[in-house]
Amino acid sequence: MAAFAGRFRQSKFKHVFGKGAKREFCYDNIRVTKSSWDSTFCAVNPKYIAIITDAAGGGAFMVLAHDQYGRVERDPPLVAGHKAAVLDVQWCPHDDEFIASASEDCTAKVWRILPESFSDGNLTESYRDLVAHNRRVGLVVWHPSAYMVLLTAGADNKVLIWNVEEEEVMKEIEFPDNVLSCSFNWVGSMFVCSCKDKVTRVVNARTGEFVAEEKLHEGTKPQQVLFLRDGRVFSTGFSRMSERQWGLWNGSTLEPIDKQELDNSNGVLFPFYDPDVNLLYLVGKGDSVIRYFEVTEDAPYVHFLNVFQSSEPQRGMGWMPKRGLDVSSCEISRLYKLHQKGLCEPISFTVPRKSELFQDDLYPDTCAESYALTAEEWLQGKDAEPVLSPVRPDAASAADIAAAKAKKRVPEKRPKKSAASAAADKGDRADVPANHLLANSNSSDSTAAATVAADPADTSALESRVADLEATVQNLTSLVESMRDSMAQLTSECEQLRAT
């Protein structure tokens, strides 16, 4: 029995399966960029989908809300502030309104996307301009736990780490060759990058010191690397005979742990990693399949789970953070596939479960829309893991609430207020008592309002009552949503019975 126990591994993800969305829930008529740059061309967060597009006379990308299904209009509003082709886009993990873009015009830009951003056509005014590279910028990577800290890599063989709010470079690191892919470790103290010279390097992000250097794959085609949550490094590349490979390496020394050949295709393999449950999805450019694996601490370390097969090759791919998934259907990941013919197709990966209850084992706490450090704190040497929050819709962690309260407000406009103006505004607000606002809330009964305003004890009791009512409303809303889901499932089952 012991021998059989070693051969058959138990895993709750052995039966994960993928399913593409119906045509009416896809996004069509998108002029996806024809650039030959090795990028995924798509970035996704719980609010928006960003897709790099072809644009005459400059570089641009499109931003769509998730409910904008169907055919995109012929000349849709674009984010069009770059003077040359856009090569990479990435959403900020700490604020769903901000996105960074890299371009052939030697600049990187950060944009703020609001519902009214495209009311007057194209968005051309960026939130921050990051100008320091001498050649094209091909890569942007956000820091996992520090707010508004961005890494950019350019064809000038330099990696720059920015304080985006101040538009200043905190660290400049020179490399022997062009950096093609990059990934921070879990706390953001180091990053791993692959270069055009076929050498992968682990770098101290603050000092720029090369901690380890190693040639992971012998092939000349581009390699992709990423840090896993436990500190190991995962890579994809090519052998000397141009066979596609993946490898697992020690994150401190880049010593090999495991390395396997995959197939003989020639498209670059892009890995998408879920740090909550240690699942890896390998997407090859030009392939029509998505392979997914589970990474464990014990040999053989990387376990093949299944493959999603489709008929159309993929031009690019986007990855939805865990915060944007449908947990009621046991969805554990969602990829957005860009077709060659301008279609963006959501592909949902689910774990079949009979119970309709929330599956705690599938959804450990995930990265929240909050940050753990400021740029100044990180530069001074502080490290912190990303702030985590529960995936369960009706739950909230104390740490996430505290982080949300500490989160700084982002200025609405580029110009900053002077110190004197800010002090005056603060003084004006301080002159207005809080009880005055409460008293004016009910002009039809001025006597009662004045009584409430004058008695702090009554005010406290009223605020407590309002909080209780809000909690009750929230609970009832959750109950109604649960009943709607149950009704929808019952309706579906009835239709199936009628059909049979």
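The values are calculated or read from the model by the stated rules, or taken from the named source; none is laboratory data. Treat the numbers as computed from the prediction; the structure is a model and nothing was measured. Here the Cβ is made from the backbone with ideal geometry for all residues, glycine too, and neighbour counts use every protein chain on show. For the accessible areas, the whole protein counts, side chains as well, though only heavy atoms, and no ligand, DNA or RNA atoms are used. Shrake-Rupley method; radii C 1.70, N 1.55, O 1.52, S 1.80 Å.
Miscellaneous remarks
- Qualifying residue in the stretch 324-340 (condition: among the charged types (D, E, K, R), surrounded by fewer than 18 Cβ atoms within 10 Å (Cβ to Cβ) and over 27 Å from Val387 (Cβ atoms)): no
- The criterion of at least 3 residues that are among the acidic types (Asp, Glu) and surrounded by fewer than 20 Cβ atoms within 10 Å (Cβ to Cβ) is met, among strands (runs of 3 or more DSSP E) falling completely within the stretch 106-224, by 168-174.
- Screening the stretch 225-242 for residues that are hydrophobic (A, V, I, L, M, F, W, C) and part of a loop (DSSP other than H, G, I, E, B) and picking the one that is farthest from Gly267 (Cα to Cα) gives Leu228.
- Among residues that are farther than 28 Å from Ser145 by Cα, in a strand (DSSP E or B) and open to solvent by less than 20 Å² (accessible area, probe 1.4 Å), Gln245 is included.
- Cβ pairs under 8 Å, 6+ apart, first in the stretch 67-78 and over 17 Å from Tyr336 (Cβ atoms), second surrounded by 10 or more Cβ atoms within 10 Å (Cβ to Cβ) and among the hydroxyl-bearing types (Ser, Thr, Tyr): Leu78/Thr53
- Of all residues making up the stretch 251-271, the number that are part of a strand (DSSP E or B), modelled with pLDDT of 95 or more and of a type in the set (A, V, I, L, M, F, W, C): 3
- Restricting Val283, Val302, Val307, Val289 to residues that are touching a residue at least 40 places away in the same chain (Cβ under 8 Å), surrounded by fewer than 20 Cβ atoms within 10 Å (Cβ to Cβ) and among the β-branched types (Val, Ile, Thr) narrows the list to Val302.
Listed here are the residues, each with its yes/no results for (1) of a type outside the set (S, T, N, Q); (2) surrounded by fewer than 21 Cβ atoms within 10 Å (Cβ to Cβ); (3) in contact with a strand residue (DSSP E or B) (Cβ under 9 Å, 6 or more places away or on another chain); (4) at pLDDT 95 or above.
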| site | (1), (2), (3), (4) |
| --- | --- |
| His15 | yes, yes, yes, no |
| Asp28 | yes, yes, yes, yes |
| Thr33 | no, no, yes, no |
| Asp38 | yes, yes, yes, no |
| Val63 | yes, no, yes, yes |
| Asp75 | yes, yes, no, no |
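- Members of the stretch 85-105 that are of a type outside the set (D, E, K, R) and either assigned to a strand (DSSP E or B) or touching a Pro at 6+ places or on another chain (Cβ under 7 Å) (or both): Val86, Leu87, Val89, Gln90, Trp91, Pro93, Phe98, Ile99, Ala100, Ser101, Ala102, Ser103
- Restricting the stretch 310-327 to residues that are without any contact (Cβ under 8 Å) to a residue 60 or more places away in the chain and assigned to a loop (DSSP other than H, G, I, E, B) leaves a set whose member that is farthest from Leu87 (Cα to Cα) is Asp326.
- Against the list (1) part of a strand (DSSP E or B); (2) buried (at least 19 other Cβ atoms within 10 Å of the Cβ); (3) in contact (Cβ under 8 Å) with a residue 40 or more places away in the chain, the condition Tyr371 fails is (1).
- Filter result for Ala100 (at pLDDT 95 or above and within 22 Å of Met320 (Cα to Cα)): yes
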